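Trainee: Can you keep this structure in mind? I'll have questions shortly.
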Amino acid sequence: MQRLRLAEGEYRFATLVWDNEPLPSGQLVALASEALGWKKSTTYTVLKKLCQRGILQNQDGVVTALVKQEAVQQQESAAVVDKTFGGSLPRFVAAFLNAKPISEEEAAEIRAMLDAARREGE
């Protein structure tokens, strides 16, 4: 399986691409400067690294994502649950709910996701 876990700066950089793709590399430099405070050289170094890992693509000066943001989020989330909660999703949810109350709308949305996941697993 492809390693989709990104360092914090890499994730913030990739988010610029996901939110604005396709975009010219020069525009990405400007966005990274504004949003991240990065110099042009830093932007191109991280871009090259993420292209080599197959996360992003820079073809003819146009940057696009090869991997969807949801795929990265899914792998990052699974890693947190595995590392912090021994792979136990119920322990993760319990810790989250103890730290922050949720609205009725959020609870309904979560119930719908659980129901859909259960149906897919049957």
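Trainee: Criterion first (at pLDDT below 95, surrounded by 12 or more Cβ atoms within 10 Å (Cβ to Cβ), within 19 Å of F13 (Cα to Cα) and charged (D, E, K, R)) does E76 satisfy it?
Mentor: Yes.
Trainee: While we're on this one: Criterion first (farther than 17 Å from A7 by Cα, assigned by TED's automatic domain parsing to the domain that holds W18 and out of contact with any helix residue (DSSP H, G or I) (no Cβ under 6 Å at 6 or more places or on another chain)) does V62 satisfy it?
Mentor: So V62 fits the description; yes.
Trainee: Which of the helices (runs of 4 or more DSSP H) found entirely inside segment 68-122 contain at least 2 residues meeting this: of a type in the set (V, I, T)?
Mentor: Details: elements: 69-85, 89-99, 104-121.
The helices (runs of 4 or more DSSP H) meeting that bar are 69-85.
Trainee: How many residues are touching a residue at least 40 places away in the same chain (Cβ under 8 Å) and among the hydrophobic types (A, V, I, L, M, F, W, C) when one looks only at segment 55-99?
Mentor: So the count comes out to 9.
The values are calculated or read from the model by the stated rules, or taken from the named source; none is laboratory data. A quick note: this is a predicted structure, and the numbers were derived from the prediction, not measured. A quick note on method: Cβ atoms are made from the backbone with ideal geometry, for glycine too, and the neighbour counts reach across all protein chains shown.
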